[in-house]
Amino acid sequence: MSNLTHKYLEVSNFSKLLLKWHQHDNNRQMPWKGEKNAYKIWLSEIILQQTRVEQGLGYYNNFILNFPTVADLAAADEKKVFKLWEGLGYYSRCRNLIATAKLINNEYAGIFPNTYESILQLKGIGPYTASAIASFAFNLPHAVVDGNVFRVLARIFGITDAIDSTTGKKKFNLLAYELLDKKHPGKYNQAIMDFGATVCKPVLPLCSTCIFQKHCVAYTQNKVNQLPVKEKKIRQRSRFFYFFIIQHGSKVAVRERVEKDIWQHLHEFPLIELNEAALTKEAVTRARNMGWVGKDTQVRVHPAIYRQKLTHQGITAIFLTATVSGQPASLKHYEWIEANSLPAYSFPKIINDYLRSQLTTDVLAD
Ligand code: SF4
């Protein structure tokens with residue numbers, strides 16, 4: 001037993017209290033709770049990796065409806081999978097989902113691998129997701145350590161090591177494994193995550209009614225708001241995108257983003273990226289110089305500015321429109337699609353926001 005648990009709270013008491021709380025007080029009902037089907041657990045975990053439960057629910061139900069088994073997902077048209085994923089963001093998750101479904105189908109005969117090590121080998125699955133699948137689907141003794149668990153353990157046991165430092169991670173992982181109820185790992189993991197999400201919340205935790213109150217170091221030492229500790233602050237990068245909606249007859253130019261960047265495999269309009277927001281004229285000059293629009297072609301700018309916040313990037317988008325009399329040679333790598341078929345393509349959220357709000361009249365850009 002580690003010094004930490006010995007000093008403050010016995011291991012068996014911790015899991016007993018937690019499981020008792022979960023049985024009586026927890027009512028977070030979700031379709032994947034108590035689920036034993038590894039495919040469905042995996043799907044829910046991937047969707048929830050960077051998405052709130054309320055937002056992820058509809059997507060989960062839709063995926064299960066369209067692809068009830070891993071074989072269905074493996075055989076699906078990728079365009080359809082991306083379309084269903086649209087709006088969830090972090091599209092690398094979707095790419096990994098498709099790759100992993102194919103691998104399970106081809107190399108595991110469609111049966112989800114059932115050891116922690118083999119699950120961890122799958123694309124897009126880290127230690128947290130592997131532990132969740134291993135414990136929920138196969139009742140294997142692996143402790144989940146996610147943001148909720150870091151917070152709960154840091155506060156109850158007063159751990160001041162940074163959760164993103166190497167020593168901190170090691171300490172939290174050891175303690176999490178020590179506390180895990182090895183007979184009921186799935187139930188225990190679900191309980192500690194629910195406890196972090198509903199009681200020991202990041203802001204305004206429910207300390208006054210908390211079952212751990214008298215054992216909780218953060219509470220007894222008045223340090224609830226100081227724990228957990230994080231070492232690095234995420235640096236935000238600002239990017240400014242000028243999208244040109246270039247129309248020829250009833251068609252517009254779009255392309256798939258193939259570069260290793262945000263929104264890979266989603267579609268976009270011809271784009272000029274500049275390092276400031278108020279450079280519309282500069283963007284138009286560049287578009288003219290590149291031959292996207294002729295020197296005399298009118299370019300109009302949409303009056304609204306669109307913003308989207310990603311984990312490490314803040315995106316600002318400005319939309320410009322122009323009608324051309326011929327398809328420019330400089331846009332020969334673009335697909336010219338019927339404007340009314342745009343909804344069938346997968347676009348980043350910021351472009352969809354624009355497409356949904358085209359009621360405002362554009363004004364001349366230069
Ligand atoms: S007393 Fe407060 S800080 Fe401590 S575990 Fe309970 S909710 Fe979290």
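The values are calculated or read from the model by the stated rules, or taken from the named source; none is laboratory data. Bear in mind the structure is a predicted one, so any value in this text is a computation, not a measurement. Every residue, glycine as well, gets a Cβ built from its backbone with ideal geometry; the counts of neighbours run over all protein chains shown. Heads up: the accessible areas ignore ligands, DNA and RNA and are worked out on the full protein's heavy atoms, side chains in. Shrake-Rupley method; radii C 1.70, N 1.55, O 1.52, S 1.80 Å.
Taking R257, is it among the charged types (D, E, K, R), open to solvent by less than 40 Å² (accessible area, probe 1.4 Å) and at negative phi? Yes, satisfied. Every listed requirement among (1) at pLDDT 90 or above; (2) under 29 Å from the mean Cα position of the chain (by Cα); (3) closer than 22 Å to K79 by Cα is met by P343 save one, (1). If I ask for residues that are under 16 Å from H22 (Cα atoms) and part of a helix (DSSP H, G or I), which ones from region 175-194 would you list? If the condition is that a residue be under 16 Å from H22 (Cα atoms) and part of a helix (DSSP H, G or I), then L179, P185, G186, K187, Y188, N189, Q190, A191, I192, M193, D194 are the ones that fit. Scan region 183-223 for residues that are open to solvent by less than 60 Å² (accessible area, probe 1.4 Å), of a type in the set (A, V, I, L, M) and within 27 Å of the chain's Cα centre (by Cα) and the total you get is 5. Has region 114-123 got any residue that is small (G, A, S), at pLDDT 95 or above and either in a loop (DSSP other than H, G, I, E, B) or open to solvent by less than 20 Å² (accessible area, probe 1.4 Å) (or both)? No - not one qualifying residue is present in region 114-123. Here R239 meets the list (1) under 22 Å from the mean Cα position of the chain (by Cα); (2) assigned to a loop (DSSP other than H, G, I, E, B); (3) away from the ligand (no atom under 16 Å from the Cβ); (4) charged (D, E, K, R) almost entirely, failing just condition (2).
Residues in region 314-328 that are within 17 Å of I272 (Cα to Cα) and not β-branched (V, I, T): G314, A317, F319, L320, A322, P328. One residue alone among G314, G291 is at pLDDT 90 or above, on the phi > 0 side of the Ramachandran plot and either part of a loop (DSSP other than H, G, I, E, B) or touching a strand residue (DSSP E or B) at 6+ places or on another chain (Cβ under 6 Å) (or both), and that residue is G291.
Open to solvent by less than 10 Å² (accessible area, probe 1.4 Å) and assigned to a loop (DSSP other than H, G, I, E, B) - does that describe any residue in region 53-63? The answer is no, given that none of the residues of region 53-63 is open to solvent by less than 10 Å² (accessible area, probe 1.4 Å) and assigned to a loop (DSSP other than H, G, I, E, B). Scanning region 225-233 turns up no residue that is away from the ligand (no atom under 16 Å from the Cβ), open to solvent by 40 Å² or more (accessible area, probe 1.4 Å) and under 24 Å from R95 (Cβ atoms).
Of the residues making up region 32-47, those that are out of contact with any Ser or Thr (no Cβ under 6 Å at 6 or more places or on another chain) and in a helix (DSSP H, G or I) are A38, Y39, K40, I41, W42, L43, S44, I46, I47. Scanning region 199-213 for residues that are under 15 Å from K20 (Cβ atoms), near the ligand (Cβ under 8 Å from one of its atoms) and outside any loop (DSSP other than H, G, I, E, B) gives a single hit, Q213.
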